[in-house]
Amino acid sequence: MDLNESELNDLRNNIREIDKDLVSLFEKRLTLSKAVAAYKLKAEKPIFDEAREEKNIREVSELLQHVSEKQNFIRWYTLLMDISKDIQKKLILGEKDD
Ligand SMILES: O=C(O)C(=O)C[C@]1(C(=O)O)C=C[C@@H](O)C=C1
């Protein structure tokens, strides 16, 4: 691929637009995760739900249009769920969250 400077800028601008969506979706996901944590605290359920994570990975990765990216997607998605669990732990331990 032979790009000029202006095309590079266009690509980067497109990436930035996607990143903005990701920031918003990331925050929305964590907000929902915190609500789930509140339920788990009350119901005395563990934070880590292995069966649920496996189901998430199975069902969500099926949506991929490029199957060749499945392992990379799972790597990213697993990290997302790990962060989600960290936030839930923080909340349940009553640590400051802002
Ligand atoms: O579904 C839950 O029970 C959640 O707490 C959400 C979530 C996730 O972020 O997807 C987080 C932790 C669990 O191990 C499973 C899934």
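The values are calculated or read from the model by the stated rules, or taken from the named source; none is laboratory data. All of these numbers come straight from a predicted model, not from anything done at the bench. Please note: Cβ atoms are built from the backbone with ideal geometry, for glycine as well, and neighbour counts cover all protein chains shown. What goes into the accessible areas is simple: the full protein's heavy atoms, side chains included, and nothing from ligands, DNA or RNA. Shrake-Rupley method; radii C 1.70, N 1.55, O 1.52, S 1.80 Å.
When the range 82-93 is limited to residues that are touching a residue at least 12 places away in the same chain (Cβ under 8 Å) and among the charged types (D, E, K, R), the one that is surrounded by the fewest Cβ atoms within 10 Å (Cβ to Cβ) turns out to be LYS89.
The set of residues from the range 65-81 being touching a helix residue (DSSP H, G or I) at 6+ places or on another chain (Cβ under 8 Å) and open to solvent by 50 Å² or more (accessible area, probe 1.4 Å) comprises just one member, LYS70. Residues in the range 41-71 that are of a type in the set (Asp, Glu), part of a helix (DSSP H, G or I) and either within 18 Å of THR31 (Cα to Cα) or within 13 Å of the ligand (Cβ to nearest atom) (or both): GLU50, GLU53, GLU54, GLU59. Scan (1) assigned to a loop (DSSP other than H, G, I, E, B); (2) of a type outside the set (Lys, Arg); (3) away from the ligand (no atom under 11 Å from the Cβ) for the single condition ASN9 breaks and write down its number. So ASN9 meets the others, but not (1). Of the residues screened, ILE74 is one that is part of a helix (DSSP H, G or I) and either at pLDDT below 95 or more than 26 Å from GLY94 (Cα to Cα) (or both). Selection within the range 18-38: residues that are within 16 Å of the ligand (Cβ to nearest atom) and more than 12 Å from the chain's Cα centre (by Cα). The member of this set that is surrounded by the most Cβ atoms within 10 Å (Cβ to Cβ) is ALA37.
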